[in-house]
Structure formats: structure tokens, C-alpha cells
Amino acid sequence: MGGGLSGSMPLSAATADNIIVKNYLDGIPIPLNETIFTGYNLFVCAAILILVPILATYMVPKNPKTVDPALLAEEPSFQKKLPKDAPPALKMEESVILAYTIVVVGVVYLGNHFYEKGIAGLDINTVNLIFVVIGLALHKTPMAYMRAISSAAKSTAGILVQFPFYAAIALMMEHSGLGGIITDWFVDVSNKETFPVLTFFSSAAINFAVPSGGGHWVIQGPFIIEAAKSLGADVGKATMAIAYGEQWANMAQPFWALPALAIAGLGVRDIMGYCITALIFTVPIFVIGLYFF
């Protein structure tokens, strides 16, 4: 979810060494209390979490398709038993002690980091470290964790390949002057109050070409930030408007659901009607959050 703790755009904007923060925000990151931990974002997230499940109950068909429970069974343990005569290097890879040593070091570092910086210390780097620490703790050995990552990463190969192309698109927009033209257009047709809503819809349109939060931020972030600064608009809210638009438009092209659909033996057409209904239903939630708060 774009407005959640794992939202790539607000986390990137809160990271001091992020390229957009360096080049367009004078190296001053946008703290999370101006993006994720704001009243409008709490309203948007709460409204979606409460209302969309209620909507879903009314969309349940009379004769729903059923999924074989075996397809949804949990993965077997990624841990591996070693013979007694296994070499030391192999024993270290499968060592619970090594994994939990790393976990303890990570927890101590994070505790000290947040003690010194508070919530302002939460950025994309610390969130990544938190996930690594939790992953190691749950999988118990370094190699079990790596096997789980290898298994899960198979469905993300296409996304990984896309990112170099996003960088190329961003470079072309910057050097061709297209980014400046788009910035000027936003300044001309927007005011301080309407800018976040227009940013939301423009982000949704761009998402059809760049359906990824990280790549989307690299491409649209620069000219939206420049336009927000020119209008005197809230840069944090502008960042969240990009995140919301990307999140909202994903309902119209649910590539995020492909792994689950493959497991369940379903096709995109089986869920598209529900996704479009959710897309239409949530428009007022985003607009209210961005305009009236």
C-alpha cells in the first residue's frame, strides 16, 4: 500500500542520500511525519481498510470459484539438516547461532538508531534492515533465509528488468526538457489546493507506462516536486499524491496479483471486474484525503 510503512515513495523521500532528495530537495529529506504519519494519510488508509472489505462482501458471487486448498499450503521449511561430517563452512551457513548473532546486532543497531533520531530515523534503509532482521529471525539460519528469498524472487524477475528502463526514461525526460514542460503545465493549471488532486490523477496516468512505485518516483518525482515548490504547495502531500495515484491505478492493471493468480489457477479476467469496482469506489476517499485535509 502506497501510504503504508513499506511505501517506496515516502520512504525514498525520507532518505537523505536518495537521488531526488539530493537533486531537488537540496539534500533535505521529507520526514515521515509529513507523509505517512499525517492526518490525511491515516484517514485514507483507515477508510480503505474499513470500507473496501465491506464492499468486497457485496461483490461475492452466488457461485464463487473454489481453489484447491493444497495450492495454498505453506511452503516446507527452508532449513536443511546436515550430516555430522559436514565441512565447517557448510555448518556456518546452516548455523542458528550465526543467524541470531546477526539478528541481535541488527536489533541493537536499530534500537540505538531510533533512540538517537526517533521516528525521523525511519527511512528506506532502516525499513530494509528491519525486514532483513525479521527474515533471518523467522528462517533461523542464513541459508534457509537465502533459499526463501531465491524461491520468492522468481516472480519478480520481470520487475527487476524494468528498472534500468525507468532510469533511461527519467534521463530522457530530464535532458529533453519534457520534465520542465510538464512542471510548467502543472503550475499553470493548478493552485496550492488543487495541486495534490491533479498530481494524483496524473500519477495514475503515468502508472500505465511505469507500474512500479520506485521507478515511478524516479520519473515523476522531480517535476512534481519542482511544481509543488513553485506553487508553495505541501511537498510531503505531493509525494503522497504520487504514491496514491500509483497505488490506485494498480487496480486497473493488477500485475501484483499474478503470482497469487498462478497459484490459484485463475486468470486476470477473473478478478478484473472486482478490481475496477474497487478503483471507482476509492476515488472519493483519495480526493477527500488530498483536498479537504
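The values are calculated or read from the model by the stated rules, or taken from the named source; none is laboratory data. Remember, predicted model here, so these are calculated numbers, not experimental data. Note that each Cβ is placed from the backbone with ideal geometry, even for glycine, and that neighbours are counted across all protein chains shown. All accessible areas refer to the heavy atoms of the entire protein, side chains included, with ligands and DNA or RNA removed. Shrake-Rupley method; radii C 1.70, N 1.55, O 1.52, S 1.80 Å.
Efficiency by 1/(1 + (r/R0)^6): what FRET value for ASP270 and LEU55, r their Cβ-Cβ distance, R0 = 25 Å, to the nearest 0.05?
0.90
Assuming a viscosity of 0.890 mPa s and a temperature of 25 °C, what translational diffusion coefficient in µm² per second does Stokes-Einstein assign to the range 196-293, Rh being the Kirkwood radius over Cα pairs?
Result for D is 173 µm²/s.
Do the sum for the chain: with -39,500 (n - 2.57) for every DSSP H run of n ≥ 4, divided by all residues, what is the mean residue ellipticity at 222 nm, to the nearest 500 deg cm²/dmol?
So the calculated ellipticity at 222 nm is -22000 deg cm²/dmol.
Leaving out ligands, DNA and RNA, what percent of the accessible area of the range 199-243 is carbon and sulfur, probe 1.4 Å?
After summing per-atom areas, the C and S share lands at 64 percent.
Starting from 0.36 nm per residue, how many nanometres of slack lie between ILE134 and SER150 once their C-alpha separation is accounted for?
4.1 nm
Compute, for the chain, the length of the dipole vector about the Cα centre, with Cβ point charges of +1 (Lys, Arg) and -1 (Asp, Glu) only. Units Debye, rounded to 20.
That gives the chain a dipole magnitude of about 820 debye.
Put one equal scatterer on each alpha carbon of the chain, apply the Debye formula with no solvent term, and list log10 I(q)/I(0) at q = 0.08, 0.14, 0.16 1/Å to two decimals.
Evaluating at q = 0.08, 0.14, 0.16 Å⁻¹ gives log10 I(q)/I(0) of -0.44, -1.18, -1.36.
Of PHE114, PHE195, PHE223, which has the largest mean-square fluctuation in a 10 Å C-alpha GNM of the chain?
Sorting by GNM fluctuation, first place goes to PHE114.
For the range 6-117, what does the alpha-carbon gyration tensor say about shape, rounded, prolate or oblate, given a ≥ b ≥ c as the root eigenvalues, a/c under 1.5 as rounded, and a/b over b/c as prolate?
oblate
What's the FRET efficiency of ILE280 with HIS175 using the Cβ-Cβ distance as r and R₀ = 45 Å, to the nearest 0.05?
0.75
Determine the gain in length on full extension of the stretch THR66-TYR291; use 0.36 nm per residue of separation and subtract their C-alpha separation, reporting nm with one decimal.
Value of the extension gain: 76.9 nm.
Going by accessible area, probe 1.4 Å, with all protein chains left in place, what is the ranking of LYS84, LYS237, LYS229, largest first?
Putting LYS84, LYS237, LYS229 in descending order of accessible area: LYS84, LYS229, LYS237.
Given points 7 Å out from each Cα along the Cα-Cβ axis, report the VAL104 to GLU116 separation in nanometres with one decimal.
Distance between label points: 2.2 nm.
How many nm is it between the label spots at LEU82 and ASN33, if each spot is 7 Å from the Cα in line with the beta carbon?
Those two pseudo-labels are separated by 4.7 nm.
Which of the peptides 56-66, 241-251, 133-143 is most tightly packed, and how do the rest follow, judged by the mean count of other Cβ atoms within 10 Å per residue?
Averaged packing, sorted descending, gives the order 241-251, 133-143, 56-66.
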